[in-house]
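Take a look at the structure set out below.
The values are calculated or read from the model by the stated rules, or taken from the named source; none is laboratory data. Being a predicted model, the structure only gives us computed values, none of them experimental. Glycine also receives a Cβ, built like all others from the backbone with ideal geometry; neighbour counts cover every protein chain displayed. Protein only, heavy atoms only, side chains kept; ligands, DNA and RNA dropped before computing areas. Shrake-Rupley method; radii C 1.70, N 1.55, O 1.52, S 1.80 Å.
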Amino acid sequence: MLTKVFGSAVFGVEATTITVEVNIDKGVGYHLVGLPDNAIKESNYRIAAGLKNNGYKVPGKKITINMAPADLRKEGSAYDLTLALGILTASGQIKSENLERYIIMGEMSLDGSIQPIKGALPIAIKAKEEGFIGFILPMENAKEAAIVEGLKVYGVENIGEVIEFFDSGTPLEETVIDTQAEFYKNLDFPEFDFSDVKGQESIKRCMEIAAAGGHNIILIGPPGAGKTMLAKRLPSILPPMTLDEALETTKIHSVVGKIKNMGLMNQRPFRSPHHTISDVALVGGGAYPQPGEISLSHNGVLFLDELPEFKRGVLEVMRQPLEDREVTISRARFTVTYPSSFMLVASMNPSPGGYFNDPDAPVTSSPAEMQRYLGKISGPLLDRIDIHIEVTPVPFEKLSEDRKGESSVEIRKRVTAARKLQTQRFFKSENVHYNAQMNTKQIRKHCQMDEASKELLKNAMDRLNLSARAYDRILKD
């Protein structure tokens with residue numbers, strides 16, 4: 001008997017429906033075709049034990065399973081539940097009247113319990129697009145998939161629940177989420193606040209400008225000057241995410257399995273990888289491509305602390321994503337693209353000893369050591385960082401003040417107002433929402449200079465030997 005069950009595969013941040021065809025005939029054997037990886041090939045052991053522990057069995061006949069399209073590589077253990085239901089239906093152990101109306105995904109344990117999967121949100125979006133009425137998946141992923149309106153989402157904890165649903169009509173509890181309520185939940189409660197920052201008024205003003213225009217920024221100063229503290233507070237003054245941004249960000253985090261027992265992400269991500277990170281972990285990739293830190297920072301902030309400590313090769317792979325705001329990973333059989341529109345915030349010491357720009361500390365590094373240290377960061381990468389800020393230590397008098405600084409909520413109001421003006425300015429332009437995203441044509445249109453400004457910029461370019469890219473970025477600021 002031939003049965004069809006439907007699952008899904010995720011490539012990049014988009015899903016593709018997979019048709020699992022199960023045929024049971026006379027003979028003995030278990031044949032799984034359609035480019036499955038080792039995790040899928042091992043599924044027969046998990047399925048056999050899970051079914052036996054729930055009163056069912058894998059029939060001792062010739063079982064042929066095709067995962068179509070057959071030329072598309074499938075990976076992971078999330079097809080266990082799909083395959084198990086196909087085997088049960090094809091062998092006549094359960095009914096199959098409504099099986100083809102659902103997407104079914106889940107990893108099985110040996111006792112039949114269903115473990116969480118990755119990519120539930122993009123799978124749910126694709127299921128709705130293709131007209132499936134429901135999505136059956138692990139309970140831990142149900143809230144994430146239920147964000148998609150118009151699709152019935154059923155979270156299950158054991159294969160027995162799914163069998164009873166199809167065979168006996170025992171209803172499953174549908175997971176329902178109010179997407180708007182989920183989006184606005186805890187929207188205005190940043191973990192870190194700028195009111196904790198003593199002094200540094202000019203630096204806070206620079207960070208406000210960076211937040212308003214979505215500009216990349218680098219903080220240069222001695223140890224203990226407050227670079228990391230300031231960087232961690234930057235997300236608290238960024239405008240709240242729109243619903244579209246929240247959905248897009250949640251999709252990326254769903255692909256790497258970081259949305260367990262969560263609904264919609266409504267806080268901008270803040271990622272701070274260690275300086276020992278590899279280039280693949282930073283930009284994404286691998287044998288089976290996964291998003292990297294720059295994509296997990298999409299619509300948020302990527303903070304690289306102690307920038308010269310990162311390997312030069314790791315930093316150089318960021319150059320193209322910083323310009324294009326997406327990263328494309330190519331393999332022999334397919335190409336995937338991950339969005340990576342993030343604010344880069346970097347920090348570094350001005351010298352190997354760390355105290356070059358501190359007037360009260362002696363310079364302990366030789367010119368050669370300084371050159372070697374600063375040479376770890378290439379000119380083209382620094383060209384892509386719009387704002388360079390010198391951070392100096394806060395004097396005792398400022399540190400000991402009882403008066404609190406301006407709160408993040410107040411700064412965010414000004415940033416949000418500035419972003420609204422930019423949205424109105426670029427409302428006819430696709431994929432341009434704030435100043436940092438402007439192309440050359442838009443810069444020439446919106447960034448007109450008077451003669452005095454032109455002369456000032458000309459002198460700066462001559463003295464500092466600035467590039468054409470730096471010229472454009474100064475105009476964007």
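Among the conditions (1) out of contact with any helix residue (DSSP H, G or I) (no Cβ under 9 Å at 6 or more places or on another chain); (2) open to solvent by 50 Å² or more (accessible area, probe 1.4 Å); (3) modelled with pLDDT under 85, the only one that residue 352 does not satisfy is (1). Of all residues in region 102-125, those satisfying the criterion of being part of a helix (DSSP H, G or I) and either of a type in the set (Gly, Ala, Ser) or in contact with a Gly (Cβ under 7 Å, 6 or more places away or on another chain) (or both) are 120, 124. Would you confirm whether any residue within region 208-225 is touching a Gly at 6+ places or on another chain (Cβ under 9 Å), crowded, with 20+ Cβ neighbours inside 10 Å and assigned to a helix (DSSP H, G or I)? No, region 208-225 contains no residue that is touching a Gly at 6+ places or on another chain (Cβ under 9 Å), crowded, with 20+ Cβ neighbours inside 10 Å and assigned to a helix (DSSP H, G or I).
One residue stands out among those in region 10-44 that are over 15 Å from residue 83 (Cα atoms) and of a type in the set (Val, Ile, Thr): the one that is least open to solvent (accessible area, probe 1.4 Å), which is 13.
Of all the numbered requirements in (1) charged (D, E, K, R); (2) without any contact (Cβ under 8 Å) to a residue 60 or more places away in the chain; (3) open to solvent by 80 Å² or more (accessible area, probe 1.4 Å), residue 130 misses one, and that requirement is (2).
For region 175-198, a tally of residues being open to solvent by 30 Å² or more (accessible area, probe 1.4 Å), modelled with pLDDT of 80 or more and among the hydrophobic types (A, V, I, L, M, F, W, C) returns 2.
Answer yes if at least one residue in region 386-406 is in a loop (DSSP other than H, G, I, E, B), touching an Asp or Glu at 6+ places or on another chain (Cβ under 9 Å) and closer than 29 Å to residue 248 by Cα, and no otherwise. Checking region 386-406: at least one residue is in a loop (DSSP other than H, G, I, E, B), touching an Asp or Glu at 6+ places or on another chain (Cβ under 9 Å) and closer than 29 Å to residue 248 by Cα. Each residue in region 78-106 was checked for being buried (at least 18 other Cβ atoms within 10 Å of the Cβ) and free of Cβ contacts under 8 Å to residues at least 60 places away in the same chain, and 2 pass. Here region 407-463 is the region considered, the condition is being assigned to a loop (DSSP other than H, G, I, E, B) and within 14 Å of residue 238 (Cα to Cα), and the residue that is farthest from the chain's Cα centre (by Cα) is 407. With respect to being modelled with pLDDT of 95 or more, out of contact with any Ser or Thr (no Cβ under 7 Å at 6 or more places or on another chain), part of a loop (DSSP other than H, G, I, E, B) and more than 23 Å from residue 247 (Cβ to Cβ), residue 85 falls outside the description. Per the listing 26, 41, 62, 57, the residue uniquely over 19 Å from residue 123 (Cα atoms), assigned by the TED database to the domain that holds residue 116 and out of contact with any strand residue (DSSP E or B) (no Cβ under 9 Å at 6 or more places or on another chain) is 57. Of the listed requirements (1) farther than 29 Å from residue 203 by Cα; (2) in contact with a strand residue (DSSP E or B) (Cβ under 8 Å, 6 or more places away or on another chain); (3) open to solvent by 20 Å² or more (accessible area, probe 1.4 Å), residue 286 misses just one: (2).
Please specify each residue of region 134-167 satisfying the condition of being under 26 Å from residue 51 (Cα atoms) and not in a helix (DSSP H, G or I). Selection gives 134, 135, 136, 137, 138, 152, 153, 154, 155, 156, 157, 158. All of 229, 241 fail the test of being modelled with pLDDT of 85 or more and part of a helix (DSSP H, G or I), apart from 229.
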